[in-house]
1. Could you look through region 154-164, keep only residues that are assigned to a loop (DSSP other than H, G, I, E, B) and out of contact with any Ser or Thr (no Cβ under 6 Å at 6 or more places or on another chain), and pick out the one that is surrounded by the most Cβ atoms within 10 Å (Cβ to Cβ)?
2. Among (1) modelled with pLDDT under 95; (2) buried (at least 20 other Cβ atoms within 10 Å of the Cβ), there is one condition residue 288 misses while meeting the rest; what is its number?
3. Checking residue 559 against (1) touching a residue at least 40 places away in the same chain (Cβ under 8 Å); (2) open to solvent by less than 40 Å² (accessible area, probe 1.4 Å); (3) closer than 20 Å to residue 586 by Cα, which single condition isn't satisfied?
4. Is at least one residue of region 241-251 within 30 Å of residue 348 (Cβ to Cβ), in contact (Cβ under 8 Å) with a residue 60 or more places away in the chain and either out of contact with any strand residue (DSSP E or B) (no Cβ under 7 Å at 6 or more places or on another chain) or among the hydrophobic types (A, V, I, L, M, F, W, C) (or both)?
5. Answer yes if at least one residue in region 129-150 is closer than 30 Å to residue 71 by Cα, part of a strand (DSSP E or B), open to solvent by less than 10 Å² (accessible area, probe 1.4 Å) and modelled with pLDDT under 95, and no otherwise.
6. Of the residues 97, 14, which is surrounded by fewer than 22 Cβ atoms within 10 Å (Cβ to Cβ) and over 24 Å from the mean Cα position of the chain (by Cα)?
7. Which one of 541, 566 is open to solvent by less than 20 Å² (accessible area, probe 1.4 Å) and either over 27 Å from residue 435 (Cβ atoms) or within 30 Å of the chain's Cα centre (by Cα) (or both)?
8. So residue 268 ticks every box in (1) open to solvent by 10 Å² or more (accessible area, probe 1.4 Å); (2) part of a helix (DSSP H, G or I); (3) in contact (Cβ under 8 Å) with a residue 12 or more places away in the chain but one. Which box is left unticked?
Amino acid sequence: MADASGDPAVFSAAALPADPRLLPTLTNACLGTRLYRDVLHLNGVYNGAAGDTHRADVPSPLNVRMGLPGGRPAETFTLDTRAGTFSHVLRAADCTATHQLYAHHSLVHLMASSITIRRSAHATRPVTVQLQTPFVPKSQDLDLKQGPDFQGAHYVYGQTLVPEAAGGPRPTVHMLWTPVPPALTLPEGERERCWQFLTAVADSREEAERSYGEGLALAAAGSLHASHVQAWAARWDSCGVELDAPLALRKALRGGLYYLLSAIPPQGSPGFPFHGISPGGLSNGTQGEDYWGHVFWDQDTWVFPNILLFYPDAARAILEYRIRRLEGALHNAREQGYEGAKFPWESAATGREVCPEEIYGAQEIHVTGDVVMAFEQYYCTTQTAGSTPGSPQPCLLCPCSSWAAQHPVGSTQDQQLFREEGGWELLAAAAQYWCSRMVWSEEEQCYHITGVMPPDEYHDRVDNSVYTNAVAQRSLNFAADVARDFLIPVPEEWVDCAEKVKVPFDAEKQYHPEYDGYSPGEPVKQADVVLLGFPLMHPMSPNVRRNDLEMYEPVTTRDGPAMTWSMFAVGWLELKELQRAQSQLNKCFSNITEPFKIWVENADGSGAVNFLTGMGGFLQAILFGCTGFRITRSSLRFDPALPPDINGLTVTGVSYLGNKLQFSITREDTRIRVTACAREPPACPLEAVLEASGQRWPLREGQSVSFPTAAGWIQRCPLSHPKPGLSRV
């Protein structure tokens, strides 16, 4: 069953894995299913109240198995990540039959399959392919009713049975599908024929019919699959990571990036409300499975940075998901007796807490800081023309002011998201929550956050989780910074709490205890304290960073969640301990299953499957670890460090301040090229600066700069802020 293909983008096998959970998934961020499964899911459609809410099962017409009568034909199963397509090929003496399946990458309400029969040159008799499908248009989560056929398609529609919150909406699902016959025959005299089968699923009959009709028209023109492949080609053309490394590592990287890109809104797709990314992706999440399709900090901390690096628009959609659920977060805080907004440990349709176990929803409060950190990263990377420090800034409350008239929306930090679409309200509400959650300690003369569960879920009801307190501090500092940018008075409480919150530190041992009372050597479930170094970038010396890694690496359980070892790898890369980084990166392969590179949450195979969180951590080890990328308020820093198995890498499509950058890095040299610049609003002219020498190079579109590999940063060129309407050379 091993994947023998030498192409890092193609995963093939002669047999399917015995565990059906490990079959490849087909998604486009709106629809998703797992291969040969009898249900699919529609983005954002949940059934059940509160802790029982789960992704609603929609019956799937795509679960079709193909066979040839007589004998045992050779067969191949292939996932082609370039084309976003799964293929099953049967080869007999007289024919070849190919079954292709895909979630269309631009018609996001459409999933499609085709069966092609091709006769061998010497054969003349009719060829029949048998088709088996268990499809029944019924669901335990939807009150489905049959409607009139549409252009040859059958039609059902219905609502979910139980709303998440009492009196809340019950989403409606409309589905059209091409009926699948029990057999297909290529008649005598024909060399080849292709049959197309379409499934359109949407929240309205009009959208389902529009998508199905458009799919039919493309199929009639012979371009349905070609349009899907073209959409994927455009996506790959605008981002990529190429490694000079062993094939297994290149395949793991490609698989992770493919599944993550499948989970975000496609480029140029018609707008639809995005409902977030769950640990197991859109293909999973039925009742009792993969956390019911709920959204965790996994989205904001583990997946988001990779998406932001390449696709700011998709990253924005993730933030918009959180903004639309701010009311639920406000409710969560009030319910627990606090002010502001507390984002839920598990989120679904409303933003209210839907975790079925009270302990996590009540105590794992660091998720609110994780959400804010994603907003901060977006804020720092989406500046474009901008204004110079100290120049007039807008009043957030006056979007029609003269400043706004002279500086179009988007000119600094995507002002529209923060000023007009709720971003600022979210930041302020999160800051208010943290202040209300802190208590003053007279004894220590600092603020405490008590009774929490840190990311390390082996411990609960601890006081002053170092990660929780540090991410709360960062949230408060960022909210205050944005207020200053917008000339809004900064509440004194925000500044006071940020300055005086306790971040545990053992001055004698020079390391960060995980929480008050932590004893060195206590087992830890997953990456926790090591996250202070990255992604939090909490100030510390290299010696303290090393001590944290040394302290927690041996006591972290080997079978913990898959993203853990990636963060140790990033830490060792920071310290230029390349062999130690390699050993941590190698541990990730225990969570990657063959042949389709499906990740399992835990190394023993338990937990969520198609575990996007683990893939996100692994990608960050490459995209942020090997490059040393760090997002700051003033720059995109780099400090490359390549572990022994990686001789070089090229990262294409890095988005920064309206520019697209390409980084080509070896141990000896680094080359940076601006491949594209936004025109509306105009991108910021950039320059590269080396840390040690201070040497600077302007970065102009279409030109490259190169230098011996060393630490430095990308920043906007000083005095490069022309008035709107003027062009740059």
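The values are calculated or read from the model by the stated rules, or taken from the named source; none is laboratory data. The structure presented is a predicted model; accordingly, all values stated were derived computationally and were not measured. Glycine gets a Cβ as well: all are built from the backbone with ideal geometry, and neighbour counts include every protein chain shown. For the accessible areas, the whole protein counts, side chains as well, though only heavy atoms, and no ligand, DNA or RNA atoms are used. Shrake-Rupley method; radii C 1.70, N 1.55, O 1.52, S 1.80 Å.
1. 163
2. Tallying (1) modelled with pLDDT under 95; (2) buried (at least 20 other Cβ atoms within 10 Å of the Cβ), residue 288 fails exactly one: (2).
3. Only one criterion in (1) touching a residue at least 40 places away in the same chain (Cβ under 8 Å); (2) open to solvent by less than 40 Å² (accessible area, probe 1.4 Å); (3) closer than 20 Å to residue 586 by Cα is unmet by residue 559, namely (2).
4. no
5. Scanning region 129-150 turns up no residue that is closer than 30 Å to residue 71 by Cα, part of a strand (DSSP E or B), open to solvent by less than 10 Å² (accessible area, probe 1.4 Å) and modelled with pLDDT under 95.
6. Step by step, each of 97, 14 is checked, and only 14 is surrounded by fewer than 22 Cβ atoms within 10 Å (Cβ to Cβ) and over 24 Å from the mean Cα position of the chain (by Cα).
7. Unique residue meeting the criteria: 566.
8. Unmet condition: (2).
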